[in-house]
Each structure stands twice: as C-alpha cells, then as structure tokens.
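A short write-up of the structure that comes next.
None of the figures in this text is laboratory data; all of them are computed from the coordinates on show. This one's a predicted model, so the numbers in the text were calculated from it and none came from an experiment. Glycine gets a Cβ as well: all are built from the backbone with ideal geometry, and neighbour counts include every protein chain shown.
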Amino acid sequence: METAFILVVVALTSALALAIARRQPHRRLAAAAGRALEAVGFIALFLLSNVAVGFALALALRATTGSFVSLYVNDDVSLLVLSVLQALVWQSWREPEDPAQPRG
C-alpha cells in the first residue's frame with residue numbers, strides 16, 4: 001500500500017510538472033527525458049563507485065589497523081543523497097557553456 005501511495009504521489013507531481021512545462025515550449029520533452037535518464041545513470045555510477053570505495057577502505061582499515069570496521073557503514077542513506085549530488089554536479093559540469101549567458 002505504501003509503495004502504491006508513493007507511486008501515485010510521484011505520478012501526480014510529474015503530471016503537474018508536465019502541465020507547467022507545456023506552457024513553456026522552449027524545451028522538448030524527449031531531450032529532458034534523455035537528460036533525466038543520463039542523470040539516473042550517473043547517480044548509479046557514483047553510488048556504485050562510492051560503495052565500492054567504501055568497502056575497499058573498510059577492508060583496508062581492517063587489514064592495516066587490526067580493528068574491526070563494519071561494512072555496514074556503507075549502508076547509510078546519506079551515501080545515496082551525496083551520490084545524487086555528485087551526479088547532478090557532474091552532469092551540470094559536463095554541459096557546454098552557453099556563450100550568450102553573462103558570467104557572474
């Protein structure tokens with residue numbers, strides 16, 4: 001039931017965003033969907049990379065210090081949030097600059 005509720009909420013906000021976006025025809029939906037899928041790919045890439053580096057670091061600390069470092073420290077939701085931020089910054093940074101926009 002909770003999953004269905006979340007899906008309904010996301011569907012409603014997506015429909016509202018689509019209705020608002022159609023009033024401003026300067027962007028195409030296909031291009032926006034492509035960028036969204038690109039962002040999802042970057043998020044997955046950064047999340048997997050962060051988890052892999054976290055596991056490697058935990059194992060290295062176990063081996064070098066002799067103390068126990070749990071692998072479950074990589075199971076924190078903040079790692080997902082930070083991976084999303086990394087991906088969005090990476091995607092934005094990769095975009096070519098628009099020479100018409102003033103630098104500020």
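Counted by Cβ distance under 13 Å from Glu38, the other residues give a net charge of +1, where Lys and Arg count +1 and Asp and Glu count -1. Summarising the label geometry, the points placed 7 Å from Cα in the beta-carbon direction at Thr64 and Arg28 lie 5.1 nm from one another.
Helix 2-22 sits at what angle to the longest principal axis of the chain, using alpha carbons and giving 0 to 90 degrees rounded to 10? Helix 2-22 sits at roughly 40 degrees to that axis. The Cα atoms of region 28-67 give a gyration tensor whose axes a ≥ b ≥ c have a/c of 1.5 or more with a/b greater than b/c, which makes the shape prolate.
Judged by the gyration tensor of its Cα atoms, with axes a ≥ b ≥ c, region 29-94 is prolate; a/c meets the 1.5 cut and a/b is the larger of a/b and b/c. Along region 71-78 the Karplus relation, 6.51 cos²θ - 1.76 cosθ + 1.60 evaluated at θ = phi - 60°, assigns HN-Hα couplings of 6, 6, 5, 7, 9, 8, 5, 5 Hz to successive residues, with x for each Gly and Pro.
In this simple spin-label approximation, Val9 and Ala39 carry label points 7 Å from Cα along the Cα→Cβ vector, and these lie 1.8 nm apart. Computed from Cα positions, the angle between helix 29-65 and the longest principal axis of the chain comes to roughly 10 degrees. With the cut-off at under 18 Å, measuring from each backbone N in region 31-74 to a point 7 Å along the Cα-to-Cβ line of Trp90 picks out 34-57.
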